[in-house]
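Accompanying notes for the structure given below.
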Amino acid sequence: MSGREKSAQEERICKICTGRATGYHFGVMSCEGCKGFFRRNVQKGARFICNYEKNCDVTGERNSRGENIL
């Protein structure tokens, strides 16, 4: 595998949950689970509010439903 192929594969990580991304969805590299979560909530017109003074943790320590996975 060339360096370029490896780099492209490494970039296919979901920016929301750090799972295996399938492409850009809603402008962000994301997996199918996160894509579905945001698609459903966009259709509902849901609004999300950060409860942590706009300092929410989106580092992969939560799954696509926002639940802690540790």
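Read-outs throughout are calculated quantities, based only on the coordinates presented, and are distinct from any laboratory measurement. Source: prediction; values computed, not measured. In this analysis, Cβ positions are derived from the backbone assuming ideal geometry, glycine residues included, and neighbour counts consider all displayed protein chains.
Here are the numbers:
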{"read-out": "Relative packing of 22-30, 46-54, which averages over residues the other C-beta atoms within 10 Å, highest first", "value": "22-30, 46-54"}
{"read-out": "Net lengthening on full extension, residue 24/residue 50 (0.36 nm per residue, minus Cα-Cα)", "value": "7.0 nm"}
